Amino acid sequence: MTSSEIRQHFLDFFRSKDHLIVPSAPLVAKNDPTLMFNNSGMAQFKDFFLGNGTPPSKRVADTQKCLRVSGKHNDLEDVGFDTYHHTMFEMLGNWSFGDYFKKEAIEWAWELLTEVYKLPKDRLYVSVFKGDEKDNVPFDQEAWDLWSPIVGEERIILGNKKDNFWEMGDTGPCGPCSEIHVDLRPQADVDAQPGKELVNADHPQVVEIWNLVFMQFQRMANGSLEPLPARHVDTGMGFERLCMAIQAKMSNYDTDVFTNTIKVIEELSGKTYGGTPREYADVAMRVIADHIRAVSFAIADGLVPSNAKAGYVIRRILRRAVRYGYSYLGFTEPFMTKLVPTLAKQFDGVFPELIAQQDFVATVIREEEAAFLRTLENGLKLLDKITAELTDKNETIINGETVFELNDTFGFPVDLTALIAREKGFRIDEEGYQNALQAQKQRSRKDAASSAGDWVELVDDNDGVSFVGYDQTEADAQIIKYRKVQNKQGTQYQIVIDPTPFYAESGGQIGDTGTLTLTVGGETKVITISDTKKENDLSILISSDKNIDEVLQQATAVSAQVDAHRRTLTSSNHSATHLLHAALRDVLGTHVAQKGSYVGPDALRFDFSHFTKVTDEELAKVEEIVNAKIRENILLDERRNVPIDQAKALGAMALFGEKYGDFVRVIVFDPAYSVELCGGTHVSATGQIGLFKFTSEGSVSTGVRRIEAVTSERALAMLNEQQAILDQLKELLKAPKDIVKAVESLLQERSQLQKKIEGFENEKVQQLKEQLLTKVSQTATGHSLIVERVDVPSADALKQLAYDLKAKIDDLALVLGADVSGKPQLAVMLPDSLIQGKKLQAGQIVKELAREIKGGGGGQPFFATAGGSDASGLDAALAKGREVLA
């Protein structure tokens, strides 16, 4: 059975059990402050378990792209060294939201594994939660009673809280679970030792393949557990491990999930994959085959490698793969980019976003590889220098600060530093490196620390929050719940109201601000709303007002008012972004795809895929098109709750990396021009935007450009400011008509004057040269010497003077000092006789002299310069120079 068939059998099985099959969410987690990446199958359904939204069906199944490389779940360092850990992996899951529970979940799991996939029953073991006295949670008798007649009591293992109690995080829904393990060892090994003894013992062939989580409780902020009002089922089955079991392989990497990619790596490297656990060439192939999936799908989902947050994680994964390819497979040119077509073809029809953006993904990876391969070369040179210095000192340990600097400043992986050090007979100070790393982490976390209390629930049995902000900016509402959050801004209140006219930050559009007017005991109280955020799918109003607990709890009426003027400006910028996107595709090509955006009342920012600078002519054309569409005053055609397939048939552009439901909102400004899926707020007609004006265009990262622009009031204000500047220039230049001609004349005059000044300065330098030629002395070693303080107009003039003197005098050593507009300058020149005979270096001498002027410098062995901040030390520096060279 192929991997594609295995996946399809899973989906078909649960479709036959009345499950709705839903698509995978993107790898990058959106609107969830607790996650950087979706690291489990349940991540996209988290809000349904929290009761903040309504699922599309009470029964759901899917295959979810997951990434575990940061936080609590981090498998990165294990990848390649064993047969079953991965960065990106697929999680097959079936879900019940308040519908079926343990009985159906257990029976269906057994049916699928043994009757559909035909896994041998005598190779399967299950675990049941044995209870926990500290949490006052009893033994899961119900699961035991359900499993016993199916597998027999001898195949059930009692598991502790670590293995058999699943929690979403420090707070939230949780509950006991039953794991299903499979023994894939040869029969002789099975006969020698029962598989039951190896469950959860990290044996590579006795592995967990399915986890059935029974969500019964809510973990509170104080650590206590409370029963959930509705019980849920959350299951997750590792697709790669399942394929290993069904295809009777000893390694995930031996299944057809990876073999096509490994075959390409073999062809590119000229090496043969043997599957040896600790053979580094094989480790490298496993690392690369795994990492190319994580990197490719992350980029396809809208993330580009960078030096911050999620982008840095992807860059680190990519660099780890490149490092293994470089060190053990001999790749000195970009190679991972060549694996993308194979991967895209393999997952076409499952995750189509990769093949749709194949060229873009390959280009980003190629540029990142090329840059890091240069870093590798530079890092090797730095390591050679470091080890040479240690050899001179008869030392063998590279200190931790140096290792950290190589990693943090130059991007040189610490494990590569350690490997090369070992090859040269050195080792790294691991403890010192960890101390430096922890110090950096503490600095980064210092301002990010926050804590949140439990929600104070004010309304029972609420069905969720209704957003009415598309049609109105005011609404009568009720407060559903609130909580206090302590962060670097101080104490803030997070408030949930229903209905809400406040738009929560998402899709690039910032959150609304405004007020809540509350009636409390016949009095009116006003709460300022400074922002609106989205946590999972819950809209949260942010207030920094002090001590408003009683007001929130006792309010009998609530009136919500959005800052309407701010909303109008924001909507203008959002609609202009849609017009911009369409114009860019028209002018630059249909390869243009949105990669990020900012939409606020002040400006708009639009990131998009494009591989070269947008020329001034292209920008002018785009701006012309957008303003023409504004003048057309195109009416907004807003279509809500459109079936996703119907929206795609309309030609609606969906953003890669966004999760869309079965029904979507479509924003149309002329069906032949701009049709996009969007949840933001917009103008009712393009004429309301008024005016569109670019402010900048530049590069964000490899293959991604950024355009910034203003509209409406800000665009008009910018033009007025520019006009005022032009008027001032006209007046200053006495050029009421042709200011360009006046400026050109001014620049020409300036150039002529500059040449005259340079001529005067050169004459002065020549006069100085003649004076200094009369002050040459001879040292005991026989070389000529000049040590003088001179008056020159610039550092360049000082350098020219030194070279002119060298041309006139053989075997000359000199030290010149000058005070250039209050900034001391030094120049040191040495003859070959001192460099070769006395082993002197001009760079080393000038650094020593620069201490007297509180500065620094450097240069070549025969000539070096330095600058400083204390001109009063020039005479001391010259005296020290005379002493050294005499």
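Key figures for this structure:
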| quantity | calculated |
| --- | --- |
| Boolean, LEU113 is surrounded by 17 or more Cβ atoms within 10 Å (Cβ to Cβ), in contact with a helix residue (DSSP H, G or I) (Cβ under 9 Å, 6 or more places away or on another chain) and at pLDDT below 95 | no |
| Selected residue (criterion: surrounded by the most Cβ atoms within 10 Å (Cβ to Cβ)) from residues of the range 481-524 that are in contact (Cβ under 8 Å) with a residue 40 or more places away in the chain, of a type in the set (Gly, Ala, Ser) and out of contact with any strand residue (DSSP E or B) (no Cβ under 7 Å at 6 or more places or on another chain) | GLY507 |
| Per-region count, the range 776-815, residues among the basic types (Lys, Arg) and under 19 Å from ALA876 (Cα atoms) | 1 |
| Residue list for the range 411-438, filter: assigned to a helix (DSSP H, G or I), surrounded by 12 or more Cβ atoms within 10 Å (Cβ to Cβ) and at pLDDT 75 or above | VAL414, THR417, ALA418, ILE420, ALA421, GLU430, GLY432, TYR433, GLN434, ASN435, ALA436, LEU437 |
| Contacts under 6 angstrom Cβ, first residue in the range 151-169 being outside the structural domain of ASP234 (by TED's automatic domain parsing) and modelled with pLDDT under 90, partner surrounded by fewer than 18 Cβ atoms within 10 Å (Cβ to Cβ) and acidic (Asp, Glu), 6 or more apart | none |
| Search result, residues across the range 229-248 that are closer than 24 Å to ILE292 by Cβ and surrounded by fewer than 19 Cβ atoms within 10 Å (Cβ to Cβ) | GLN247 |
| Those residues of the range 321-377 which are among the acidic types (Asp, Glu) and buried (at least 19 other Cβ atoms within 10 Å of the Cβ), in sequence order | GLU353, GLU368, GLU369 |
| Members of the range 826-858 found to be among the β-branched types (Val, Ile, Thr) and surrounded by fewer than 22 Cβ atoms within 10 Å (Cβ to Cβ), listed by number | ILE835 |
| Subset tally (residues that are of a type in the set (Phe, Trp, Tyr) and more than 30 Å from GLY453 (Cα to Cα)) for the range 154-206 | 0 |
| Matching residues, the range 678-726, being more than 27 Å from the chain's Cα centre (by Cα), assigned to a strand (DSSP E or B) and either surrounded by 21 or more Cβ atoms within 10 Å (Cβ to Cβ) or small (Gly, Ala, Ser) (or both) | ALA685, PHE692, THR711 |
| Subset of the range 866-878 (residues that are touching a residue at least 60 places away in the same chain (Cβ under 8 Å) and surrounded by 21 or more Cβ atoms within 10 Å (Cβ to Cβ)) | ALA877 |
| Unique residue being acidic (Asp, Glu), closer than 30 Å to GLN754 by Cα and surrounded by 15 or more Cβ atoms within 10 Å (Cβ to Cβ) when the list is ASP791, ASP819 | ASP819 |
| Count of the range 809-823 residues which are assigned to a loop (DSSP other than H, G, I, E, B) and in contact with a strand residue (DSSP E or B) (Cβ under 9 Å, 6 or more places away or on another chain) | 3 |
| ASN31 vs. criteria modelled with pLDDT under 95, in contact with a strand residue (DSSP E or B) (Cβ under 7 Å, 6 or more places away or on another chain) and not hydroxyl-bearing (Ser, Thr, Tyr) | yes |
| Test: residue in the range 305-316 that is part of a loop (DSSP other than H, G, I, E, B) and without any contact (Cβ under 8 Å) to a residue 60 or more places away in the chain | yes |
| Every residue from the range 334-381 that is more than 22 Å from VAL704 (Cα to Cα) and charged (D, E, K, R) | LYS345, ASP348, GLU377, LYS381 |
| Qualifying residues in the range 753-786 (those that are of a type in the set (S, T, N, Q) and either surrounded by 12 or more Cβ atoms within 10 Å (Cβ to Cβ) or under 51 Å from the mean Cα position of the chain (by Cα) (or both)) - the one farthest from LYS806 (Cα to Cα) | GLN754 |
| The range 1-26 residues that are touching a residue at least 60 places away in the same chain (Cβ under 8 Å), paired with ones that are small (Gly, Ala, Ser) (beta carbon under 6 Å, 6 or more apart) | PHE14/ALA61; HIS19/ALA61; PRO26/GLY657 |
| Positions within the range 479-505 being in a strand (DSSP E or B) and touching an Asp or Glu at 6+ places or on another chain (Cβ under 6 Å), in sequence order | ILE480, LYS481 |
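The values are calculated or read from the model by the stated rules, or taken from the named source; none is laboratory data. Please read these numbers as outputs of a predicted model, since none were measured by experiment. With ideal geometry, Cβ positions are generated from the backbone for all residues, glycine too; neighbour counts draw on all protein chains shown.
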